[in-house]
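Student: Before I ask anything, here is the structure I am working with.
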């Protein structure tokens, strides 16, 4: 990977982290706002909320940077080894989102089983923002790197 590609990857990774941290915070206020504590289990709980958060953060963190990177590759603004089709980017984004939603929600279920049954709103906010940022950065970085080094399948 060239220095220009590494810079591009770093920028896209930071953008993915930032956007997903902000969106995660917004959705915490929408879903859990006004509650002093949030249940971990059951309807309206954190474990159930992990599914849509993980699914959407993963999907959008692969899809949007992937399509933008493809557009920039075509325009010659970014150098890459090969060009993935839009269909490949969409399929890869859906696959990664579904796999991560299942795996990470399962992992969160196990981890939450060792903790308290309720968490304060502040803890939930901090945890969801951090989770969204880390997941967004990791998935965006993974997806963009694959496009830059020419992994098109």
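Read-outs: derived from the displayed coordinates by stated rules, not from any lab. Source: prediction; values computed, not measured.
Student: When 1/r is averaged over all different Cα pairs and the result inverted, which Kirkwood radius in Å belongs to the chain?
Tutor: Its Kirkwood hydrodynamic radius stands at 16.2 Å.
Student: So what's the angle, to the nearest 10 degrees on a 0 to 90 scale, between helix 46-75 and the longest Cα principal axis of the chain?
Tutor: Roughly 10 degrees, rounded to the nearest 10.
Student: For the Cα atoms of the chain, what angle does the longest principal axis make with the long axis of helix 121-149, in degrees from 0 to 90, nearest 10?
Tutor: Once rounded, the angle reads 20 degrees.
Student: Nearest 500 deg cm²/dmol is fine: what mean residue ellipticity at 222 nm does the chain get from its DSSP H runs of n ≥ 4 alone, each adding -39,500 (n - 2.57), divided by its residue count?
Tutor: Dividing the helical sum by the residues of the chain leaves -27500 deg cm²/dmol.
Student: Do you know the relative contact order of the range 3-149, to the nearest whole percent, from alpha carbon pairs under 8 angstrom that are 6+ apart?
Tutor: 49 percent
Student: Tell me the angle of helix 3-32 to the major Cα principal axis of the chain, expressed in degrees between 0 and 90 and rounded to the nearest ten.
Tutor: Its long axis makes an angle of about 30 degrees.
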